[in-house]
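Structure, as structure tokens:
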Amino acid sequence: METGIHNTSEIGKLKKVLLHRPGGELENLMPEYLERLLFDDIPYLREAQKEHDAFADCLRQQGVEVVYLTDLTANSLTNEDIRKAFVIQFLDEAGIRDQRSRVLLGEYLGKMPDKQMISTMMAGVRKSQLQGESEKLADLLSAAQDDYPFVVDPMPNLYFTRDPFATIGTGVSIHKMLTATRNRETLFGKFIFEHNPEYMHAPRWYDRGEVSSLEGGDILILSPEVLAVGISQRTKGDSIDTLAEAILTYDKTKFKKILAFNIPKSRSFMHLDTVFTMVDRDKFTVHPNILSSITVYVMELDENKKMKIEQEDARLEDILKEHLHLDKVTLIPCGEGSEIDAAREQWSDGSNTLAIAPGEVVVYSRNHVTNHSLEDAGIKVHTIPSAELSRGRGGPRCMSMPLWRDDP
């Protein structure tokens with residue numbers, strides 16, 4: 001049965017991609033709560049939306065079909081029972097425990113059209129929004145004598161659609177995110193992949209109910225047979241074991257091995273795709289700090305279908321040549337290898353490229369040193385504006401979830 005998903009590489013011609021246009025969730029960022037919501041700054045929404053629209057237009061001009069998270073979620077609410085279940089689970093995960101608050105907030109959301117309701121869930125709900133909407137709820141909240149201004153927290157990281165779930169082959173992994181603030185994002189993926197007619201038949205490699213965290217920025221499809229996963233600040237080794245078991249033992253899979261890359265556990269190296277992305281069959285962007293040597297765990301099934309894991313400590317270039325059967329590999333360092341330029345452009349995701357075809361990528365215009373290196377290496381570069389989008393600490397790859405790529 002068709003799953004609506006086909007993603008067997010990082011570089012195959014991109015045909016269909018999922019984005020989320022930033023919305024009211026950015027307007028609900030406050031300096032006092034930035035750290036908890038995983039932001040370092042407050043993007044200006046109007047400009048962020050213009051930049052995001054330029055990103056979507058850039059993709060469309062290259063023949064990519066762009067679909068949006070809000071629309072796919074709305075198309076998943078195919079009957080009233082599913083819609084009610086969606087609201088109930090949203091209230092659960094928003095931490096609304098008081099029964100009267102749940103009923104009144106459920107009524108507030110429930111009377112909205114689907115897309116407005118979903119956008120409101122994403123943006124968060126201010127206490128002030130409920131005044132005049134529901135006097136009972138406003139009175140209830142004010143009686144709680146709580147100075148916190150939100151009934152429901154915003155989800156400002158949603159425009160990084162790469163992380164809450166990942167398409168791998170013809171299936172999907174829906175993630176258990178490291179932090180509570182981002183784990184709520186995966187609810188939209190749950191309903192898309194359970195109820196959207198186009199995607200509900202996709203095999204499930206990982207589920208949001210797991211106890212160990214896994215995030216999409218750590219998952220790179222290096223070839224139709226080789227998957228890379230980062231052991232990072234946000235993805236744990238146990239999660240990779242579970243993912244590997246599900247994918248490698250699936251009878252219809254073509255994947256033969258998983259390479260688990262052990263990367264530094266820090267915010268600047270948040271996910272594997274912040275330090276390493278694929279831009280052509282034999283070309284990769286890298287952060288200079290992982291060039292000397294890296295530990296990789298090679299996971300594959302033995303002749304008895306049992307998982308075997310072998311540790312390799314070698315240069316990244318040699319590991320890639322061996323497992324991707326390449327004669328040569330070109331590594332393109334962020335910031336041309338300059339300590340200062342690499343640090344600055346790494347901060348705005350200079351290594352976080354989105355390949356839309358072999359040797360053709362979308363990048364942030366601000367990372368001009370790295371972009372020049374890509375062009376020198378023969379890569380076709382499409383630049384997009386990024387003054388506001390980059391404040392969220394994610395690049396074009398972070399902002400996109402491929403739903404369909406041609407085979408490389």
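The values are calculated or read from the model by the stated rules, or taken from the named source; none is laboratory data. Keep in mind that this is a model prediction, so the values were computed, not measured. All Cβ positions, glycine included, derive from the backbone under ideal geometry; neighbour counts span all protein chains shown. These area figures cover heavy atoms from the full protein model, side chains too; ligands, DNA and RNA do not enter into them. Shrake-Rupley method; radii C 1.70, N 1.55, O 1.52, S 1.80 Å.
Summed over region 81-127, residues that are over 27 Å from the mean Cα position of the chain (by Cα) and either surrounded by 13 or more Cβ atoms within 10 Å (Cβ to Cβ) or closer than 20 Å to His195 by Cα (or both) total 12.
Among the residues of this structure, Glu336 counts as one that is under 30 Å from Ile42 (Cα atoms), more than 25 Å from the chain's Cα centre (by Cα) and without any contact (Cβ under 8 Å) to a residue 40 or more places away in the chain. Exactly one residue out of Thr78, Thr8, Thr70 is over 19 Å from Phe165 (Cβ atoms) and among the β-branched types (Val, Ile, Thr): that is Thr78. With respect to Val329, is the statement that it is touching a residue at least 12 places away in the same chain (Cβ under 8 Å), surrounded by fewer than 19 Cβ atoms within 10 Å (Cβ to Cβ) and closer than 23 Å to Pro408 by Cβ true? So Val329 passes the test. Looking at region 283-320 only, could you name the residues that are closer than 25 Å to Glu375 by Cβ and not in a loop (DSSP other than H, G, I, E, B)? The answer is Lys283, Phe284, Thr285, Val286, Pro288, Asn289, Ile290, Leu316, Glu317, Leu320. Can you pull out the residues in region 65-99 that are in contact with a strand residue (DSSP E or B) (Cβ under 9 Å, 6 or more places away or on another chain) and among the acidic types (Asp, Glu)? If the condition is that a residue be in contact with a strand residue (DSSP E or B) (Cβ under 9 Å, 6 or more places away or on another chain) and among the acidic types (Asp, Glu), then Glu65 is the only one that fits.
Scanning region 34-57 for residues that are out of contact with any Asp or Glu (no Cβ under 7 Å at 6 or more places or on another chain) and free of Cβ contacts under 8 Å to residues at least 12 places away in the same chain, we see that the one that is least open to solvent (accessible area, probe 1.4 Å) is Asp57.
Go through region 215-243 and give me each residue that's assigned to a strand (DSSP E or B) and over 15 Å from Phe160 (Cβ atoms). Within region 215-243, Leu220, Ile221, Val226, Leu227, Ala228, Val229, Gly230, Ile231 qualify.
The single residue among Lys236, Lys252, Lys283 that is under 27 Å from Glu360 (Cα atoms) and either open to solvent by 10 Å² or more (accessible area, probe 1.4 Å) or touching a His at 6+ places or on another chain (Cβ under 6 Å) (or both) turns out to be Lys283. For first residues located in region 4-22 and under 17 Å from Ala54 (Cα atoms) and part of a loop (DSSP other than H, G, I, E, B), partners that are open to solvent by less than 10 Å² (accessible area, probe 1.4 Å) and among the hydroxyl-bearing types (Ser, Thr, Tyr) and lie 6+ apart or on another chain with Cβ distances below 8 Å form the pairs His20/Tyr159; His20/Thr161; Arg21/Tyr159; Pro22/Tyr159. Restricting Ala357, Ala342, Ala314, Ala377 to those that are touching a Gly at 6+ places or on another chain (Cβ under 6 Å) and either open to solvent by less than 40 Å² (accessible area, probe 1.4 Å) or not hydroxyl-bearing (Ser, Thr, Tyr) (or both) reduces the list to Ala342.
A single member of Glu51, Glu80, Glu10, Glu65 is modelled with pLDDT of 95 or more, of a type in the set (Asp, Glu) and touching a Lys or Arg at 6+ places or on another chain (Cβ under 8 Å), and it is Glu65.
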